[in-house]
Amino acid sequence: MNRKRIAIGALGGTISMMADPSGGVNARLGAKEVANSVPGIEDLAELDLVTLHKLPSGSIRFEHLFQCLAWAEQEIANGSAGVIITQGTDTLEESAFFLDIFWQHPEPLVLMGAMRSPETPGAEGGANLQASVITACDPASRNRGVLVLMNDEVHEARHVRKMHTTRVNAFVSPVFGMVGVVQEKRVQYFRPTVRKPVLPVPLEYTKKVLLLEHTLSDDSDVVGFALKSGYAGIVVAGFGSGHVSVSMRDALIEAARQVPVIVCTRTGAGSTTNAVYGYPGAEIDLQQNGILMGQWLCPRKARLLLGAALWNGYNQEQIKQLLGHWGASQ
Ligand code: ASP
């Protein structure tokens with residue numbers, strides 16, 4: 001059988017973590033050790049295995065992800081049918097979405113990890129890697145942008161969230177659900193994936209976006225501090241369907257005269273509303289005062305999209321349009 005070529009880049013995370021003298025686990029394995037522990041994986045595809053980093057995922061920075069992107073693009077240029085990145089699960093939903101903003105190829109880019117380290121009973125990293133290779137090889141995975149593979153479930157980068165600290169079924173796409181499953185060594189999809197406008201890779205990415213979770217009776221002075229410290233955009237994880245207190249409203253309206261401001265929901269599922277509530281600090285008032293609503297996009301992902309837009313020099317109208325695409329239900 002003519003095996004497809006699949007590139008696997010390892011970034012670290014629990015899938016690569018072994019016991020160390022600290023008494024805990026730490027990222028020690030590279031791509032070869034992770035892949036070679038999966039029986040029969042070489043029969044599925046011709047694997048190109050590269051260790052990019054050995055990091056816990058909380059220490060991944062944008063520069064690592066741009067490096068990953070450049071490596072993955074080179075692998076596609078060299079003839080890979082798909083690319084897999086193994087990383088820690090803690091920030092996997094953000095890495096996946098970040099790469100989705102820039103991934104312009106029809107070939108699948110699959111991000112995956114493990115909840116249990118290799119020495120733990122029931123470690124599922126090998127099964128996740130095998131399912132990722134199956135997914136990356138399948139023509140039905142093309143034109144879906146970046147996918148997340150965990151626990152035999154395929155999720156779209158735009159919708160997936162880590163929603164449990166330790167369980168193997170920690171990854172969920174609230175409201176939308178998984179887009180496919182891997183079963184009997186093949187991937188089966190439930191719907192097409194709607195691709196969104198991809199942004200050019202920026203020349204520089206120094207502009208910072210603040211993500212602020214709004215909480216009961218909090219102070220809005222942090223908004224002024226952020227502007228003074230040079231933040232170029234603000235995303236607020238707001239109450240309910242996109243609401244803030246009167247004092248936060250005043251601070252955000254002032255901020256929106258200087259930088260783009262997006263209000264999302266902190267609830268974890270569902271869209272912000274557009275025209276339901278009319279009180280000061282609710283969506284009608286916020287929009288009338290130049291604030292954008294995140295719609296279906298979770299605050300973490302809105303922060304990444306706004307950053308990518310600012311790095312590309314987008315103005316308020318272009319950001320609104322971009323958010324219209326990426327924040328839509330479809
Ligand atoms: N708990 C994490 C993981 O699943 C550690 C990390 O994100 O690096 O990989």
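Some values worked out for this structure:
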read-out: Residue check, Y314 touching a helix residue (DSSP H, G or I) at 6+ places or on another chain (Cβ under 9 Å), of a type in the set (F, W, Y), without any contact (Cβ under 8 Å) to a residue 24 or more places away in the chain and not in a helix (DSSP H, G or I); value: yes
read-out: Boolean, S117 is buried (at least 21 other Cβ atoms within 10 Å of the Cβ), in contact with a strand residue (DSSP E or B) (Cβ under 8 Å, 6 or more places away or on another chain) and in a loop (DSSP other than H, G, I, E, B); value: yes
read-out: Residue match in region 45-53 (condition: out of contact with any Lys or Arg (no Cβ under 9 Å at 6 or more places or on another chain), within 30 Å of T206 (Cβ to Cβ), within 15 Å of the ligand (Cβ to nearest atom) and not β-branched (V, I, T)); value: yes
read-out: Enumeration of residues in region 66-104 that are closer than 21 Å to A35 by Cα and of a type in the set (A, V, I, L, M); value: L69, A72, I76, A81, V83, I84, I85, L92, A96
read-out: Residues satisfying the stated conditions in region 124-160, i.e. under 14 Å from T89 (Cα atoms) and hydrophobic (A, V, I, L, M, F, W, C); value: L129, L147, V148, L149, M150, A157, V160
read-out: Filter pass, E107 being open to solvent by 10 Å² or more (accessible area, probe 1.4 Å), touching a Gly at 6+ places or on another chain (Cβ under 6 Å) and more than 16 Å from the ligand (Cβ to nearest atom); value: yes
read-out: Residue count, region 7-24 (criterion: more than 15 Å from the ligand (Cβ to nearest atom) and open to solvent by 40 Å² or more (accessible area, probe 1.4 Å)); value: 2
read-out: Where a residue in region 234-259 is at negative phi and its partner, wherever it lies, is among the basic types (K, R), with Cβ under 7 Å and at least six apart; value: V235/R303; A237/R266; G238/R266; F239/R266
read-out: Wholly within region 25-94, strands (runs of 3 or more DSSP E) carrying at least 3 residues that are free of Cβ contacts under 8 Å to residues at least 40 places away in the same chain and buried (at least 18 other Cβ atoms within 10 Å of the Cβ); value: none
read-out: Tally of residues being assigned to a strand (DSSP E or B) and open to solvent by 50 Å² or more (accessible area, probe 1.4 Å) across region 190-238; value: 2
read-out: Selection count where residues are open to solvent by 10 Å² or more (accessible area, probe 1.4 Å) and either part of a strand (DSSP E or B) or within 13 Å of the ligand (Cβ to nearest atom) (or both), scope region 95-104; value: 0
read-out: Region 170-180: number of residues that are open to solvent by 30 Å² or more (accessible area, probe 1.4 Å) and either over 17 Å from the mean Cα position of the chain (by Cα) or touching a residue at least 40 places away in the same chain (Cβ under 8 Å) (or both); value: 1
read-out: Which listed residue, of G278, G270, is open to solvent by 50 Å² or more (accessible area, probe 1.4 Å), outside any helix (DSSP H, G or I) and either more than 18 Å from L210 (Cα to Cα) or touching a strand residue (DSSP E or B) at 6+ places or on another chain (Cβ under 8 Å) (or both); value: G278
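The values are calculated or read from the model by the stated rules, or taken from the named source; none is laboratory data. Remember, it's a predicted structure, so these values are computed and weren't measured experimentally. No Cβ is skipped: glycine too gets one built from the backbone with ideal geometry, and neighbour counts run over all protein chains shown. For the accessible areas, the whole protein counts, side chains as well, though only heavy atoms, and no ligand, DNA or RNA atoms are used. Shrake-Rupley method; radii C 1.70, N 1.55, O 1.52, S 1.80 Å.
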